[in-house]
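These notes concern the structure reproduced below.
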Amino acid sequence: MQLEQKNVLVGVSGGIAAYKTPDLVRKLKAQGANVRVVLTESATHFVSSLSLQAVSGEKVSTHLLDEDAEAGMGHIELARWADIFLIAPATANCIAKLATGLADDLLSTLALATPAPILIAPAMNQQMWAAKATQQNMQTLLDRGVAQLGPASGEQACGDLGYGRMLEPVEIVEALASFVAINLADDNHLSDEMQPKPLAGKQVMITAGPTREAIDPVRYISNHSSGKMGFALARAAQNLGAKVTLISGPVSLSTPDGITRVDVTSAQEMLDAVEKDIDSQDVFVACAAVADYRIAHENTQKLKKKAEDLVLTFTKNPDILKRVAQRKNAPFTLGFAAETQDVEAYARTKLEDKKLNMIAANDVSQADIGFNSDQNALLVITKDNTRKLAKASKDSLARDLLKIVSDELFKSHKK
Ligand code: C5P
């Protein structure tokens, strides 16, 4: 299913066809999509937000300055959450607003704020659709890369015959699925050529995977990190235009094309590889699950099975991330925190202790996300902000996280 796990934001503007949107949402959900709905004020006269809430399973938003909505998923997060922004029905007024870039309500603001592709399904009286103004506005949107679904021809609510009917929900869902198949790569993000490149000219270094600390020549201690999140970050950084160095512990993942990969085994080797190249980096992302301790005295010969109990002494490994953050002219530092309780509080303490620019925290007590899973959910914490990135594929999260990093880089550059 092309729409499986895709985040579809549905914008409903005020036309009679809005009454079909609960059916549309139901069909999108049946295809496995995650759906959130926003209504314009006038759409609420044609369809109830309660019905849309019931079928989408999510709170429906109408107003830009809705305290409840902003406390949950604010409009910028909603704009970022979307993989696709579908506006159905799009009235003549809505199309005109989008063409001029007006942002005087939630729907039109989201259209400006979202990096996701926008698809619109126009619906209006045939004369209004044929009007030069509407046609020119539509052309402006098409020139900007907006995709148009319909309208169909047929009998209209007002009794007229002609082009202006919204496509049927089933046709919209089909069109959306083929749009995704053609334009969005498997990994929930835009194909490489379509990605904006906010990290162009930047060098990004990423650590990934576990480290392995030798006990003797044949044994080691390590952890279950798969390296998937770090590799997803490397791909996403490259797609956003960065030159990427990926320093990886032992994992069974292949290197994305065009990325410089340095393979290491132990924490000390990872630190050496990081320090060798750190001075030329703009961003350092520490995603590796570095072993906290290593054997105090490495055994050069295989340990013999003699005593009933074996006691090993460990010593602390260097904290690679902390060392990078402490450097003079440190790059922008992003760390990760895996927590099982009080996620935000512990992560914020880590942000301060390690003097990081940003930390991404996940709750590893949830079995369906985090270690070894293809999905994750993150709290992204900076000194004065906490943002929630809802559960999504690691590729989608990596892209969103790095977009936040590029925003922060831009802000600090402007200061
Ligand atoms: O202190 P804690 O291990 O919970 O911090 C996790 C963060 O620090 C991660 O970003 C991890 O990659 C980084 N880290 C590191 N070197 C270590 C330990 C953790 O870079 N020795």
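Looking at GLY154, is it at pLDDT below 90 and surrounded by fewer than 14 Cβ atoms within 10 Å (Cβ to Cβ)? Give the steps one after another, and end with the answer.
On the way: at pLDDT below 90: yes; surrounded by fewer than 14 Cβ atoms within 10 Å (Cβ to Cβ): yes.
Answer is yes for this residue.
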So which residues in the range 97-149 are open to solvent by less than 30 Å² (accessible area, probe 1.4 Å), out of contact with any strand residue (DSSP E or B) (no Cβ under 8 Å at 6 or more places or on another chain) and of a type in the set (A, V, I, L, M), if there are any at all?
-> ALA99
The correct count of residues that are over 20 Å from ARG212 (Cβ atoms) and open to solvent by less than 40 Å² (accessible area, probe 1.4 Å) in the range 268-324 is 6
What do you reckon, is VAL244 within 15 Å of the ligand (Cβ to nearest atom), modelled with pLDDT of 95 or more and either out of contact with any strand residue (DSSP E or B) (no Cβ under 6 Å at 6 or more places or on another chain) or assigned by TED's automatic domain parsing to the domain that holds MET358 (or both)?
-> no
Pick from VAL262, VAL283: which is closer than 27 Å to LYS350 by Cβ, hydrophobic (A, V, I, L, M, F, W, C), in contact with a helix residue (DSSP H, G or I) (Cβ under 7 Å, 6 or more places away or on another chain) and free of Cβ contacts under 8 Å to residues at least 24 places away in the same chain?
-> VAL262
Mind checking which residues of the range 238-263 are of a type in the set (Val, Ile, Thr) and open to solvent by less than 10 Å² (accessible area, probe 1.4 Å)?
-> VAL244, ILE247
Can you name the condition, by its number, that ALA33 falls short on among (1) in contact with a helix residue (DSSP H, G or I) (Cβ under 6 Å, 6 or more places away or on another chain); (2) within 18 Å of GLU171 (Cα to Cα)?
-> (1)
Could you give me the residue pairs with C-beta distances under 7 Å whose first residue belongs to the range 354-366 and is part of a loop (DSSP other than H, G, I, E, B), whose second residue is open to solvent by 10 Å² or more (accessible area, probe 1.4 Å) and within 10 Å of the ligand (Cβ to nearest atom) wherever it lies, and which are 6+ apart or on separate chains?
-> LYS354/LEU321; LYS354/LYS322; LYS354/ALA325; LYS355/ALA325; LEU356/ALA325; VAL364/ALA338; VAL364/GLU339
Name the single residue, out of those in the range 340-359 being open to solvent by less than 50 Å² (accessible area, probe 1.4 Å) and within 8 Å of the ligand (Cβ to nearest atom), that is nearest to GLY230 (Cα to Cα).
-> ILE359
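The values are calculated or read from the model by the stated rules, or taken from the named source; none is laboratory data. From a predicted model like this one, the values you see are computed outputs, not experimental measurements. All Cβ positions, even for glycine, are placed from backbone atoms using ideal geometry, and neighbour counts span all protein chains on display. Ligands, DNA and RNA are stripped out before the accessible areas are found, and what is left, the full protein with its side chains, is counted by its heavy atoms. Shrake-Rupley method; radii C 1.70, N 1.55, O 1.52, S 1.80 Å.
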